[in-house]
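Student: Quick one: the structure is below, questions incoming.
The values are calculated or read from the model by the stated rules, or taken from the named source; none is laboratory data. As the structure is a prediction and not an experimental result, all values here were calculated from the model. Ideal geometry is used to build each Cβ from the backbone, glycine not excepted, and the neighbour counts take in all protein chains shown.
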Amino acid sequence: MYTLAVQRDFIASHYLVGGDWGPENQLHAHHYRVEVILEAPVLDRHGYIVDIVDLETNLEDLVGYFKDQTLNKLTEFKDLNPSIEHFCRIFLKAITSKIKADNLTALTVKIWENEIAWTSYREKLQ
């Protein structure tokens, strides 16, 4: 199985809702790091999992959408607690819609909200 991963850093804000999490209930920013991990059992006709430049361009566009935003105010988080768990799934759905490659079998998005805490969401594509 081949694996390809790319990462980007960005800052965004949120506040947690639905429980008493102390300071996390107040608006605050995180220095997020997102990693997109692609899996494929075979390479394309060029010897790639995907065109990494295309992947990086789509990742930059998506990071640009979330960068410097308050997640709670975005339609993707309507009626959701903007946890990194939800953020991973939302990010994965968005990046999957931009990647066109028939050889991919799985995609994982991992998001760190600080140096020691991260979560991931994985989806099989075939």
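Student: Give me the pairs, please: first residue somewhere in the stretch 12-32 and within 15 Å of I84 (Cα to Cα), second residue anywhere and aliphatic (A, V, I, L, M) and in a loop (DSSP other than H, G, I, E, B), beta-carbon distance under 8 Å, and either six or more positions apart or on two chains.
Tutor: Pairs found: S13/L27; H14/L27; Y15/L27; E24/L16; N25/L16; N25/V17.
Student: Another question about this same structure. Do the conditions hold for T70, that is, is it more than 25 Å from L4 (Cβ to Cβ), without any contact (Cβ under 8 Å) to a residue 60 or more places away in the chain and of a type in the set (S, T, N, Q)?
Tutor: On the way: more than 25 Å from L4 (Cβ to Cβ): yes; without any contact (Cβ under 8 Å) to a residue 60 or more places away in the chain: yes; of a type in the set (S, T, N, Q): yes.
Here the answer is yes, as T70 does meet what is asked.
Student: Scan the stretch 108-117 and tell me whether some residue there is of a type in the set (S, T, N, Q) and modelled with pLDDT under 95. Talk me through it step by step, then tell me what you get.
Tutor: First, pick out the residues of the stretch 108-117 that are of a type in the set (S, T, N, Q): 108, 114.
Pick out the ones that are also modelled with pLDDT under 95 and you get 114.
Yes, some residue in the stretch 108-117 is of a type in the set (S, T, N, Q) and modelled with pLDDT under 95.
Student: Scan the stretch 17-66 residue by residue and report those that are farther than 18 Å from V6 by Cβ and among the small types (G, A, S). Outline the logic, then answer.
Tutor: Let us first name the residues in the stretch 17-66 that are farther than 18 Å from V6 by Cβ, namely 17-30, 41-42, 45.
Within the stretch 17-66, G18, G19, G22, A29 qualify.
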